[in-house]
Amino acid sequence: MISLEFKKLKRKKFFVTLLIVCFISAIIQYIMGNMTYNGVKYGADVGWFLKNGLTVNSYYLFIPVFALIGMELFLLEERNNVYNNILTIPINKVKLIKSKISVMFIISLSYCLITLILMFLMELNFNGLSFTLCMQYFVKYLVHGLISCIISATIVSVMLYYKQNLQTAIAVGFVMSFVGVFVSQLNVAYLYIVNGMFYLSNSIYSNGFEKVISFLTILPVICLFFFYMNKNSKMS
C-alpha cells in the first residue's frame, strides 16, 4: 500500500513540486549568506548555512510543507472521486490511513534530508566541514524534521475530521510555525512545541529541566493526533 501511495503522487508530479520548493528555499539561503556586514559575508562563519537553514525552515517551511504533503495524500482520492470506490473493496481503512501517514513521514523526512544536503553543499562553498559538525546538524535536522512531522500529522488529522481543505491546513501550519518566532523572545519559549524542538536539538542552549518540558509538550500533540485519526478511521 505504501508503494501505491508513492505511485499516485508520482503521477501528479508532486515530488517535482517539493524539489522546486526545496531548491527555492536553498537559493534564498545562498543569497542571505552572500550578504555582507562590515565587509564580511554572513556565510563566511563556519556553520552559518546549516544553522540558518535549520532556523528558517523550522519557523517558516517544515510544518506547512509537511501539512501540504499529508493533506495531498488524503485528499487525492476525494479530488478524483474514487475514495468511495476504494472503500467498497475489501480494504482495511485503518491500514489505508497508516500507509498514508507512513508515506507522509517518509517524504517529509526526505525533504528534511535534502534541505540538509543543500546546506552542506553551500557550507562547503564557503568553509571546510568537520565530521563532528556534520553529525551534530544531522541530528538537529532529524529532531526538527520528526517533531515537525508530528505537528503536521496532527494538523492533518484535525483538518480531515472537520472537513477542511488543503489551503486551510497549510495556513494553520504556517501560523503555528510563525508564532514560534515571537515566542522565541520569551524566557519560557520551551513551553511552545515549535520552540521546544530547538531546545531538544541543542540548537538553543538549555538545561535538563527545559529539555524535559520541551519533550512533554510533544505528548499532548501525539495524543491529539491519535484521537482524531481514530475518529477519522470510523467515519464513513
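The values are calculated or read from the model by the stated rules, or taken from the named source; none is laboratory data. As the structure is a computational prediction, the values presented were derived from the model and not from experiment. Ideal geometry is used to build each Cβ from the backbone, glycine not excepted, and the neighbour counts take in all protein chains shown.
So I204 passes all but one of these: (1) modelled with pLDDT under 95; (2) exposed (fewer than 15 other Cβ atoms within 10 Å of the Cβ). Which condition number does it fail?
(2)
So the check is Cβ under 7 Å with 6+ separation or different chains; which pairs have a first residue in the range 180-191 that's closer than 16 Å to V212 by Cβ and at pLDDT 95 or above and a second one that's surrounded by 11 or more Cβ atoms within 10 Å (Cβ to Cβ) and not polar (S, T, N, Q)?
Every condition considered, the pairs that remain are A189/V183; Y190/G196; Y190/Y199; Y190/E210; Y190/I213; L191/I213.
Test each condition in (1) within 17 Å of L109 (Cα to Cα); (2) out of contact with any helix residue (DSSP H, G or I) (no Cβ under 6 Å at 6 or more places or on another chain); (3) buried (at least 16 other Cβ atoms within 10 Å of the Cβ) for L142 and report the one that comes out false.
(3)
Tell me which of these T168 doesn't satisfy, since it passes every other one: (1) in contact (Cβ under 8 Å) with a residue 12 or more places away in the chain; (2) closer than 16 Å to F66 by Cα; (3) of a type outside the set (A, V, I, L, M, F, W, C).
Only one criterion in (1) in contact (Cβ under 8 Å) with a residue 12 or more places away in the chain; (2) closer than 16 Å to F66 by Cα; (3) of a type outside the set (A, V, I, L, M, F, W, C) is unmet by T168, namely (1).
Name the residues in the range 120-136 that are surrounded by 14 or more Cβ atoms within 10 Å (Cβ to Cβ), more than 25 Å from the chain's Cα centre (by Cα) and assigned to a helix (DSSP H, G or I), would you?
Answer for the range 120-136, where residues must be surrounded by 14 or more Cβ atoms within 10 Å (Cβ to Cβ), more than 25 Å from the chain's Cα centre (by Cα) and assigned to a helix (DSSP H, G or I): just F126.
Mind checking which pairs have a first residue in the range 19-43 that is among the aliphatic types (A, V, I, L, M) and a second that is surrounded by 12 or more Cβ atoms within 10 Å (Cβ to Cβ), Cβ under 6 Å, 6 or more apart or different chains?
Listed by first residue and then by second, the contacts come to A26/L118; M35/Y42.
Does V179 fit the bill of being of a type in the set (V, I, T), surrounded by fewer than 13 Cβ atoms within 10 Å (Cβ to Cβ) and over 24 Å from V94 (Cβ atoms)?
Working: of a type in the set (V, I, T): yes; surrounded by fewer than 13 Cβ atoms within 10 Å (Cβ to Cβ): no; over 24 Å from V94 (Cβ atoms): yes.
Answer is no for this residue.
Given the criterion assigned to a helix (DSSP H, G or I), within 11 Å of the chain's Cα centre (by Cα), at pLDDT 90 or above and within 30 Å of N34 (Cα to Cα), identify the matching residue among V139, V65, V56.
None of the other options fit; the residue is V65.
Restricting the range 13-45 to residues that are of a type in the set (G, A, S) and surrounded by 10 or more Cβ atoms within 10 Å (Cβ to Cβ), which is farthest from I114 (Cα to Cα)? Even if it seems obvious, please write down each step before you answer.
If we filter the range 13-45 for residues that are of a type in the set (G, A, S), which is where we start, we get 25-26, 33, 39, 43-44.
So of that shortlist, the ones also surrounded by 10 or more Cβ atoms within 10 Å (Cβ to Cβ) come out as 25-26, 33, 43-44.
On the way: S25: 11, A26: 10, G33: 18, G43: 19, A44: 22 Å.
If we take residues in the range 13-45 being of a type in the set (G, A, S) and surrounded by 10 or more Cβ atoms within 10 Å (Cβ to Cβ), then A44 is farthest from I114 (Cα to Cα).
Restricting the search to the range 50-77, which residues are hydroxyl-bearing (S, T, Y) and buried (at least 23 other Cβ atoms within 10 Å of the Cβ)?
S58
Name the residue that is nearest to L73 (Cα to Cα), counting only residues in the range 12-34 that are part of a helix (DSSP H, G or I) and of a type in the set (S, T, N, Q).
Filtering first and then ranking leaves T17.
Within the range 13-34, identify whether any single residue is under 28 Å from I147 (Cβ atoms) and of a type in the set (D, E, K, R), and answer yes or no. Spell out how you get there, then give the answer.
The initial filter retains those residues of the range 13-34 that are under 28 Å from I147 (Cβ atoms), namely 14-33.
Narrowing further to those that are of a type in the set (D, E, K, R): none.
Scanning the range 13-34, I find no residue that is under 28 Å from I147 (Cβ atoms) and of a type in the set (D, E, K, R), so the answer is no.
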